[in-house]
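In what follows, a single structure is set out as structure tokens and then discussed.
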Amino acid sequence: MSEVYLEFPSKKREQDAMAYLREFIESKSEINGMGDLNEAESFDKWLAMMSDYHEGANLPEGWVRSSEYFLIRAQDELIVGMTNIRHEQNAFLIEHGYGHIGYGIRPSERRKGYATKILELALAKCRELGISEVHVGCLEDNIGSKKTILKNGGVFYKKLVNDGEPYLEFVINQKV
């Protein structure tokens, strides 16, 4: 796997971000870790929304402060994934087991180790935020995501049902 890093979204990534989104849509893959890019009126409005959420401003009711990052492959500057880090938990997130981190990997870049790396880098961001007990969830039948969470130190916490689907929540304890 090539060197990768997290980058806060910016205008310079617009074309690649839109290609990333199209790839999810064309492959009929579930769109995860995308910070509502697929629902935004424009990329500029999405950038403004991501900046607001990062600062804790103009949050929709029931939302918590969060930060969105692109996972960039250094060799070709391609967006290979996205992660959303929620700075805290609220009753909704706790009830549904969604946790602090959501992430997604570009369909054409899956099974190359990027999910493990994006979660590792997101955990580092959580440490910077002072989050020592990180909650991460996935659908029970998502074997790849379960393996990714376990590789990053996840310990099974509880099983839930979200929208009729069995969902697992894991905890990753880390020193801050």
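Read-outs: derived from the displayed coordinates by stated rules, not from any lab. Note that the structure is a prediction, hence the values are computed from the model and not measured. In this analysis, Cβ positions are derived from the backbone assuming ideal geometry, glycine residues included, and neighbour counts consider all displayed protein chains.
Our coupling estimate for the range 96-106, obtained by passing each phi through the Karplus curve with A = 6.51, B = -1.76, C = 1.60 and θ = phi - 60°, is 9, x, 6, x, 8, 10, x, 8, x, 10, 3 Hz, Gly and Pro reported as x. Charge tally for VAL155 (other residues, Cβ to Cβ under 13 Å; Lys, Arg +1; Asp, Glu -1): +1. So, in Å, what gap is there between the alpha-carbon centers of the range 146-164 and the range 41-80? Computed from Cα coordinates, the inter-centre distance equals 24 Å.
Using a Gaussian network model of the chain in which every pair of alpha carbons under 10 angstrom is joined by a spring, one finds that among VAL80, VAL64, VAL161 the greatest mean-square fluctuation is at VAL161.
The alpha carbon gyration tensor of the range 30-176 gives principal lengths a ≥ b ≥ c with a/c below 1.5, which makes the shape rounded. Highest GNM mean-square fluctuation among ASP76, ASP36, ASP52, for the chain modelled with Cα contacts below 10 Å: ASP76. Looking at this model, which pairs from LYS12/LYS117; LYS112/LYS151; LYS11/LYS125; LYS28/LYS117; LYS28/LYS159 are more than 20 angstrom apart at the alpha-carbon? Over 20 Å apart, Cα to Cα: LYS12/LYS117; LYS11/LYS125; LYS28/LYS117; LYS28/LYS159.
In order along the range 4-13, the phi-based Karplus estimate (6.51 cos²θ - 1.76 cosθ + 1.60, θ = phi - 60°) of 3J(HN,Hα) comes to 9, 8, 8, 9, 5, x, 8, 4, 4, 9 Hz; Gly and Pro are listed as x.
Residues whose amide H lies under 5 Å from that of TYR157, counting only those 5 or more places away or on a different chain, are GLU169, PHE170, VAL171; hydrogens are built 1.01 Å from N in the peptide plane.
Once you sort the root eigenvalues of the Cα gyration tensor of the range 38-110 as a ≥ b ≥ c, which label holds: rounded (a/c under 1.5), prolate (a/b larger than b/c) or oblate (the other case)? Walk me through the numbers on the way to the answer.
Numbers: a/c = 2.26, a/b = 1.42, b/c = 1.59.
Taking the square roots of the gyration eigenvalues as a ≥ b ≥ c, the range 38-110 is oblate.
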